[in-house]
Amino acid sequence: METDYFSARQDPSYWYDQADFTTVKGWLGSEIVCPACGRSHKISTRLMEERSKMTDHISEYLPQLGLGGSCVVVMDENTKRAAGDRLMAGLADYAPRAVVFTRDDLHADEEALGSLMIALGEKPDFLVACGSGTITDITRYNSYMTGIPFISYATAASVDGFASGTTPLLVQGFKTTCPGTAPLGIFYDAAVLAAAPDSMTAAGFGDVLAKIIALIDWRLAFAAEDEPYCPLIAAIVDRAVEACLELADDLAVIKPDNKVKKLSDIHNSKEKEAKLKRDQEAALLARGQACVKLMDTLSLTGIAMQMMGTSRPASGSDHHISHLLEMNDIRRHKKGSLHGDKVGIGTLIGMKMYLRLFEQGELPQQRPHMAADLWEKEVRRVYGPLADQAIAKNTPYPPSGKEWEYQRKQIAKAMDLYGYKYIDRFKTLLPTARDKIIAMGGPVRPDQLGYSRQETYDAIAFGKEVRPKFTTLRLAERFGWLYDLAEEIANGLPEGKIY
Ligand SMILES: [Zn+2]
Ligand SMILES: [Zn+2]
């Protein structure tokens, strides 16, 4: 039977009414036979709960997750202060032992994974990750290797990996997707999320935004390369992005002066002070609620990854650009920036690339490919000691001949059916997304994170070698446009000319 690539049932919007937050929450802890793709999607996470003073109440949820005995709580010095100490007190009945990472620039790498493994000592009955992305990933992989279940207490809405079932790890410096376990429960508290640094919340927003690119990359990969795809999962992610875009105003950095309008009209200073306090409290409350919704959204996209069993629903060229920047930072012992910051920038670049590729309303004119020997030379220059790994994962030439002819036809059909419409939105979405990130105090250009023009070019031109997956970057490469676009964008970005 021929694969159905293009019917209405493959459109995420066809499944919207089954892809809302409440419906998906109802699937937690179960396995569903998917009405959209026919696969069976398993969700191991059984609970997602927000509550005031969650640290004091978390132990009430453990029996229903089947957890008892003793636990190890994994944290770093910041998350210890934010919630870890209170969490230890709240888990007093479970003989908690704290493992606190004190490394300055913590990554989910061999050193961190090994040191947690050793610190586990007498096998505890369950693990608690108290933190955000990195702490959760370190705990997740240890949980996978030891078979000890874990729960996640989120201290910041900064990343979508909480609920994921796969683990991004640095393996000999190369960002690699490894297996992992999903947490049995994810717990959070509005006040704790709202108190996290503004930059972390902005990064979480950037990580959700990335799905705009991840989704179109995924759907085109399905059409061009027959990559496994599920329109229901795409719909969950799509709706999560829409919800998140609406939150942006409430997530913006709180500047008390801006929130108190016409203060000069109030002459009584006591009254003025009281109004200031009221306004600040209201703004904090709104921000707390917005942070919870952002966390819901991030968890939901994590659940989408768990359902698919891969990171594909949530990660496209946006993430590959970010991964290469991160790998090169670590190699050069440069202190890194937040995952969501780089991913948010990768998303803006991804939108720009799609707009440029298809600006004539037709497929781009075919241009020549980079010669194989030059490609290898460039990969060696960009990846340095990691180049052998990058070269082993990739081929020097994109598909050609009949294979490319077929893919080109599939891409043309996909573009006519939904692609042009989707990308047309970027004309307004790109400046809107940029401005929303700015309002949250996040970066929108690589140079704001200290990356040079050359590093920006390298990340766009050779981010694709991080994974042999079809994304915006591969699409541009196949039409022979990638290196020109990388140059154009890298040249224009520092002057703010590109978007
Ligand atoms: Zn499905
Ligand atoms: Zn991410």
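Rule-based calculations on the coordinates, nothing more; no lab input. As the structure is a computational prediction, the values presented were derived from the model and not from experiment. Backbone-built Cβ (ideal geometry, glycine too); neighbour counts: all protein chains shown.
What the phi angles of the range 230-244 give under the Karplus curve with 6.51, -1.76 and 1.60, with θ = phi - 60°, is a coupling list of 9, x, 5, 5, 4, 5, 4, 5, 4, 5, 4, 5, 4, 4, 5 Hz, glycine and proline written as x. Taking other C-beta atoms within 10 Å as the exposure proxy, W218, W404, W15 rank W404, W15, W218 from fewest upward.
In this simple spin-label model, placing a label point 7 Å from the Cα along the Cα-to-Cβ direction at both Q366 and S7 gives a separation of 3.2 nm.
Applying a DSSP loop filter and a limit of 13 other Cβ atoms within 10 Å to the trypsin sites (Lys or Arg not before Pro) in the range 169-228 leaves nothing. Each 5 Å bin from zero holds the following percent of Cα-Cα pairs in the range 314-495: 1, 8, 17, 21, 21, 15, 10, 6, 1, 0. Within the straight-line cut-off of under 17 Å between alpha carbons, the lysines reachable from K272 are K255, K259, K261, K262, sequence neighbours fewer than 8 places apart in one chain being disregarded. Here the range 281-323 was treated as a single set of alpha-carbon atoms; its pair distances binned every 5 Å from 0 give 6, 20, 17, 17, 15, 11, 9, 5, 0 percent. The slack between L355 and A439, meaning 0.36 nm per residue of separation minus the straight C-alpha distance, is 27.9 nm.
Using the Stokes-Einstein relation with a Kirkwood hydrodynamic radius computed over Cα pairs, the translational diffusion coefficient of the range 413-499 at 10 °C and a viscosity of 1.306 mPa s comes to 110 µm²/s.
Remark: the Y406-R278 segment gains 39.8 nm on full extension, using 0.36 nm per residue and subtracting the alpha carbon distance. Karplus-derived 3J(HN,Hα) values for the range 155-164, using 6.51 cos²θ - 1.76 cosθ + 1.60 with θ = phi - 60°, are 9, 8, 8, 10, 7, 9, x, 3, 8, 5 Hz; glycine and proline are entered as x. Both radii were evaluated on the Cα set of the chain; the Rg over Rh quotient, with Rh as the Kirkwood radius, amounts to 0.98. Across the range 47-196, the relative contact order, built from alpha-carbon pairs under 8 Å that are at least six residues apart, equals 28 percent. DSSP bridge analysis restricted to the range 1-101 gives an antiparallel fraction near 40%, rounded to the nearest 5.
Once C-alpha pairs closer than 8 Å and six or more residues apart are averaged by separation and normalised to the residue number of the range 314-495, the relative contact order reads 36 percent.
When the helices of the chain are scored as -39500 (n - 2.57) per DSSP H run of n ≥ 4 and the total is divided over every residue, the value at 222 nm lands at -15500 deg cm²/dmol.
Highest mean packing first, where packing is the average number of other Cβ atoms within 10 Å per residue, the peptides 474-480, 333-339, 270-276 line up as 474-480, 333-339, 270-276. Remark: spin-label model distance R97-E111 equals 2.3 nm, labels positioned 7 Å along the Cα→Cβ axis.
Listed values for the range 9-19 are Karplus-derived 3J(HN,Hα) couplings in whole Hz (6.51 cos²θ - 1.76 cosθ + 1.60, θ = phi - 60°), namely 5, 8, 8, x, 4, 4, 10, 3, 5, 9, 10, and x replaces Gly and Pro. Sorted ascending by nearby beta carbons within 10 Å, beginning with the fewest, T139, T310, T432, T166 become T432, T310, T166, T139. At an R0 of 41 angstrom, the distance between the Cβ atoms of S52 and K393 translates into a FRET efficiency of 0.30. Computed on the chain, with alpha-carbon pairs under 8 angstrom and 6+ residues apart, the relative contact order is 16 percent. The equivalent ellipsoid of the range 47-196 has semi-axes of 22, 17, 14 Å, largest first, where each one is the square root of 5 times an eigenvalue of the Cα gyration tensor. Placing a pseudo-label 7 Å from each Cα along the Cα-to-Cβ vector at Q64 and D249 gives an inter-label distance of 3.5 nm. Magnitude of the charge dipole for the range 314-495, about its Cα centre and with charges confined to Cβ atoms of Lys, Arg (+1) and Asp, Glu (-1), is about 360 debye. Database remark: amide H of V74 closer than 5 angstrom to the amide H of V99, V128, A129, C130 (H placed geometrically; neighbours at sequence offset of 5 or more, or on other chains; Pro and chain starts carry no H).
With neighbours defined as other Cβ atoms within 10 Å of a residue's Cβ, the residues R239, R140, R278 order from fewest to most as R278, R239, R140. A Förster radius of 41 Å, combined with the Cβ-Cβ distance separating Y420 from D373, puts the computed FRET efficiency at roughly 0.65.
Treating r as the C-beta distance of A119 and S269 and R0 as 56 Å, the FRET efficiency rounds to 0.55. The angle between the Cα long axis of helix 401-414 and the longest principal axis of the Cα atoms of the chain comes to about 60 degrees, rounded to the nearest 10.
Pairing the Cα long axis of helix 211-225 with the longest principal axis of the chain, what angle in degrees results, from 0 to 90 and rounded to the nearest 10? Taking the Cα atoms of the chain, the angle to 211-225 is about 40 degrees.
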